[in-house]
Each structure stands twice: as structure tokens, then as C-alpha cells.
Amino acid sequence: MNRVAVLGAGSWGTTFAKVLADGGADTRLWARRAELAHEINESRRNTQYLQGVTLPEGLRADSDARSVLEGADQVFLCVPSQQLRALLDDVSESIPAGVPVVSLMKGVEASTMMRMSEVIAEAGGIDSDRIAVVSGPNLALEIAREEPTAAVVASDSSETAMAVARTARNSYFTSFVNTDVVGTEYGGVLKNLVALAIGIVDGVGYGENTKASILTRGLAEVTEFAVAHGAERTTMHGLAGLGDLIATCNSPLSRNFSAGRLLGMGYSRDDVVERMHQVAEGLASVEPIASLAELRDVRMPILDQVRAVLLGRMLPREIAPHLTTGNEPEGETHDF
């Protein structure tokens with residue numbers, strides 16, 4: 001039996017800890033608040049993030065991160081992306097030597113524009129062949145309810161990816177593997193931005209044609225950006241690309257869709273942040289992704305419109321016509 005540590009007891013961290021425990025791993029979950037750790041241990045519940053879900057006996061929580069990390073064979077990180085570096089500064093010396101370190105996060109660090117695997121390598125002093133990332137259509141509450149789904153585990157090392165995938169699988173959760181860390185991570189980041197756009201037009205009151213148009217053209221934007229940064233094009237029509245995009249853009253369980261919907265209803269960015277009970281990673285990713293796109297000369301008209309709405313430069317109802325930046329019709333490509 002593997003001993004695994006999960007740092008972060010929000011909805012996705014707790015859900016993934018459940019996935020690991022249900023797969024047979026001896027699972028330890030770090031909760032920042034002692035009262036949350038107590039609730040998980042005593043009532044097998046995390047009522048703030050996973051209403052109505054009973055957690056397995058093989059999952060134990062603790063508010064002491066070092067205790068959670070002790071003896072772990074694999075370490076999974078699931079905190080808001082902007083908090084990862086500070087966490088690693090605090091606990092990296094307690095991560096057991098030589099074990100895989102896995103990112104469950106779907107964001108980029110705003111101050112450095114680094115992907116989460118890059119932050120883990122730099123702040124945690126972890127070799128890239130020990131780092132893995134997990135992505136896919138992973139709405140936490142559905143998985144916590146044991147509705148079947150799949151994800152992909154990516155690592156520079158096939159051995160690391162396989163080791164993590166063998167641990168992160170059970171009767172309702174299937175893990176696939178690849179070695180395209182860049183594409184897998186950017187798929188998870190960029191789909192949040194498309195979900196913001198679709199949420200905005202949903203909040204305005206536009207229908208399925210508008211949303212389908214944005215989703216399809218959004219996939220083209222996501223693909224071109226990721227490939228320009230070294231991703232494999234095929235990754236973007238797999239679980240981490242198209243799969244995650246479909247789930248995130250079509251469900252009220254999606255935090256980024258929900259944040260976009262509030263924007264479309266007329267709330268300001270500050271109002272949205274205040275009303276959201278969990279972090280919508282897309283809001284923090286807009287500016288760094290826009291900067292990275294500019295560096296590689298990648299046109300992202302949908303992202304540009306979302307950014308304009310967030311900055312108050314465009315009314316939400318004006319976003320839908322702006323699926324392109326040109327005045328002339330463009331050729332539609334299908335090579336993504």
C-alpha cells in the first residue's frame with residue numbers, strides 16, 4: 001500500500017484525496033485549518049467544499065503539513081496557484097527525498113508567468129523527472145460522488161507518470177499517461193479562460209450557438225498558444241485539452257464558468273472575487289497568459305475580449321461578436 005500526502009483540503013484536494021484512498025492508498029490530507037482537519041477525521045465530511053459526500057476511512061487529515069508529508073511515497077499539491085511558492089518555501093525540506101511530486105493545480109504564477117511544474121522545480125528544488133501534473137475533465141463534486149471520469153498524468157519521466165497513474169485510479173477514476181507536461185498544464189490553464197468567456201455570454205443571456213462558437217474557436221486559440229510554447233498539438237484534443245474544455249465550459253459546478261456568469265450579469269471583478277467561495281484560477285491567469293501570448297505573437301481574440309471585460313473596457317454583451325480581430329473573413333482551420 002502506498003502512503004500518499006495531499007496538501008490542500010479545498011474541493012479538488014479533498015476529492016483527489018478520496019480518489020487516492022478509494023484506490024487503496026494510505027492517504028494523508030493537509031488542511032490549513034485545524035477545525036477542518038477535525039471535521040474530516042471525526043465526521044468523514046468536508047461540509048464547506050463537498051456537501052453530502054462521505055469520505056473513506058483510508059483518508060486522515062492533519063493541520064501539520066510536516067506530519068502529513070512524513071513517510072509519503074508520493075506527494076500531491078493542491079493549493080491556489082498563487083500560494084504554491086510560499087507553501088513550498090515552508091515545507092519543501094520535509095518532502096521525502098526521491099518521491100514523485102504531483103501538481104493538481106490549473107494556473108500560472110502571476111508574478112513569474114511560470115507553470116506550476118516550473119514553480120515546483122524552482123521553489124521546491126525538485127528534479128523535473130520527479131514532477132508530474134494531473135489534468136482532465138475533473139469537476140470535483142461529480143468525482144467525489146463517484147461519477148466515472150478520466151484524467152491524464154504527465155511527466156518528463158514515463159516511469160514517474162506510470163507510478164502516479166497506478167496510484168490515482170479506482171473503479172470510477174481512470175488515469176492515462178503522457179510525457180507532454182507543457183501541453184497538459186496549459187490545457188488546464190487555458191480552458192479556464194474560455195470558460196470565463198462562455199460564462200460571460202451565459203450571464204448576458206446568449207444561447208447555445210454563441211457558447212458553441214466560443215468553445216470551438218476557444219479550442220483553436222488554446223491550441224495555437226500551447227503549441228507556440230512547446231506543447232504537442234495532439235495533447236490539445238485529448239483529456240487535458242478538449243476534454244477539460246467541454247467539462248469546464250458547460251457546468252455550473254465550474255468555478256470559472258460561474259465567475260464569468262457573474263461578470264456577464266454585471267458584477268465587477270472585485271464583486272465576483274468577493275462572492276466566490278473558492279478561487280477561480282482563470283481570473284488570476286488572464287494577465288500572465290496575455291503577456292505570454294504577446295511574447296510568442298499568438299493572437300487570442302477571445303482572451304482579449306475577456307480581459308477587456310475584466311478591465312471595464314468592454315460591456316459583457318459586446319463579447320460575442322469578437323471571435324476574431326480581423327475585419328475580413330478568416331479561413332477556418334481544423335488541424336487542432
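The values are calculated or read from the model by the stated rules, or taken from the named source; none is laboratory data. Given the structure is predicted, the values throughout are model-derived calculations rather than measurements. In this analysis, Cβ positions are derived from the backbone assuming ideal geometry, glycine residues included, and neighbour counts consider all displayed protein chains. The protein model used for the area step is the full one, side chains on, heavy atoms only, and it has no ligands, DNA or RNA in it. Shrake-Rupley method; radii C 1.70, N 1.55, O 1.52, S 1.80 Å.
The solvent-accessible area of Ser94, taken with every protein chain present and a 1.4 Å probe, is close to 40 Å².
With Cα atoms defining each centre, region 35-67 and region 174-211 are spaced 29 Å apart in the structure. Its DSSP H runs of at least 4 residues, each contributing -39,500 (n - 2.57), put the calculated 222 nm mean residue ellipticity of the chain at -13500 deg cm²/dmol, to the nearest 500. Report in % the part of the accessible area of the chain that belongs to carbon and sulfur, leaving out ligands and nucleic acids; probe 1.4 Å. Accessible surface attributable to carbon and sulfur in the chain totals 46 percent. In the chain, the longest principal axis of the Cα atoms and the axis of helix 11-22 are about 50 degrees apart.
Hull volume per residue, based on the alpha-carbon atoms of region 7-72 and their convex hull, is 69 Å³. 3J(HN,Hα) couplings calculated from phi for region 314-321 with the Karplus curve 6.51 cos²θ - 1.76 cosθ + 1.60 (θ = phi - 60°) are, in sequence order, 9, 6, x, 5, 8, 6, 4, x Hz; Gly and Pro show x. Matching the structure-derived mean projected area of the Cα convex hull in nm² against the labelled list (i) 34.3; (ii) 15.8; (iii) 27.2 gives the label (ii).
When Met162, Met114, Met265 are compared by accessible area of protein heavy atoms, the largest-first order is Met265, Met162, Met114, using a 1.4 Å probe. When +1 charges are put on Lys and Arg Cβ atoms and -1 charges on Asp and Glu Cβ atoms, the dipole computed for the chain relative to its Cα centre reaches about 720 debye.
Could you put Lys18, Lys211 in order of accessible surface area, largest first, with the 1.4 Å probe and the full protein assembly present?
Values: Lys18 5, Lys211 25 Å².
Largest accessible area first, the list is Lys211, Lys18.
Accessible surface area normalised per residue over the chain is 42 Å², counting heavy atoms of protein chains with a 1.4 Å rolling probe.
When the surface is traced with a 1.4 Å probe over the full set of protein chains, Tyr267 keeps roughly 70 Å² accessible.
Please identify the trypsin sites (Lys or Arg not before Pro) of region 267-313 that satisfy two criteria: DSSP loop assignment and at most 16 other Cβ atoms within 10 Å. Which are they? Kindly include the intermediate steps, with their values, before the conclusion.
On the way: sites: Arg269, Arg275, Arg296, Arg299, Arg307, Arg313; in loops: Arg296, Arg299, Arg313.
Answer by residue number: Arg296, Arg299, Arg313.
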